[in-house]
Amino acid sequence: MPKPTDRDKDRFRSLVPAVAGVEVKPMFGQLGAFVNGNMFAGLFGSGIGVKVDEESRAELERMGAGAFGPEDRPMAGYLTLPETVGDVEAAAWVERARAHVATFPPKARKKG
């Protein structure tokens, strides 16, 4: 499994909007960005994955986006932003993902 560098993690954090209900948490040695308990973006190695609506998915696929996560178990509903996407455009995609996932019902916190 690819490990993100500190630079990858810093970049990811810088792309996640600092708004109410959003938090970045470690996940299996990677990072995930959540809104109201639902993941909207993630870091896998140096790749940034986003969960967007179907229209945005089609747009990302035309740009060359691929599956997100381990090759043998990609995360359903997520696409990895193409490497050619710069920080400004990446931040816009992460925000689109946040806005989309913010429409989902909040996830209940696990008791434990």
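The values are calculated or read from the model by the stated rules, or taken from the named source; none is laboratory data. Since the structure is predicted, the reported quantities are computational estimates derived from the model, not experimental observations. Methodologically, a virtual Cβ is constructed for each residue, glycine included, from the backbone with ideal geometry; neighbour enumeration extends over all protein chains shown. Heavy atoms of the whole protein, side chains included, go into the accessibility calculation; ligands, DNA and RNA do not. Shrake-Rupley method; radii C 1.70, N 1.55, O 1.52, S 1.80 Å.
Restricting to DSSP H runs of at least four residues, report the calculated mean residue ellipticity at 222 nm for the chain, -39500 (n - 2.57) per run over all residues, nearest 500 deg cm²/dmol.
Details: 3 runs with 34 residues, N = 112.
Estimated from H runs of four or more residues: -9500 deg cm²/dmol.
Please arrange V85, V22 by accessible surface area, largest first, computed with a 1.4 Å probe and ligands excluded.
V22, V85
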With θ set to phi - 60°, apply the Karplus curve 6.51 cos²θ - 1.76 cosθ + 1.60 along the range 35-43 and write out the HN-Hα couplings as whole Hz, x wherever there is a Gly or Pro. 10, 6, x, 9, 6, 10, 8, x, 10
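Keeping the other protein chains in place, figure out the carbon and sulfur percent of the accessible area of the chain, with a 1.4 Å probe. Mind showing how you got there, number by number?
Numbers: 3630 of 6840 Å².
Solvent-exposed carbon and sulfur of the chain make up 53 percent of the total.
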Output row, site R7, 7 Å Cα→C-beta label point, backbone N cut-off 19 Å, window the range 39-69, residues 43-49
Once you order the gyration tensor axes a ≥ b ≥ c over the Cα atoms, which shape class does the range 61-112 get: rounded for a/c under 1.5, otherwise prolate or oblate by comparing a/b with b/c? oblate
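Kindly give the semi-axes, whole Å and largest first, of the ellipsoid equivalent to the chain, taking each as the square root of 5 times a Cα gyration tensor eigenvalue. It would help to have the intermediate numbers written out before the result.
Working: eigenvalues 76, 56, 41 Å².
They are 20, 17, 14 Å, listed from largest to smallest.
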Any chance you could count the Lys pairs in the chain whose alpha carbons are under 25 Å apart, treating pairs 8 or more apart or on different chains as valid? 11
Would you please give the residues with an amide H less than 5 Å from that of M75, counting only those at least 5 places away or on a separate chain, with H modeled from the backbone geometry? F68, G69
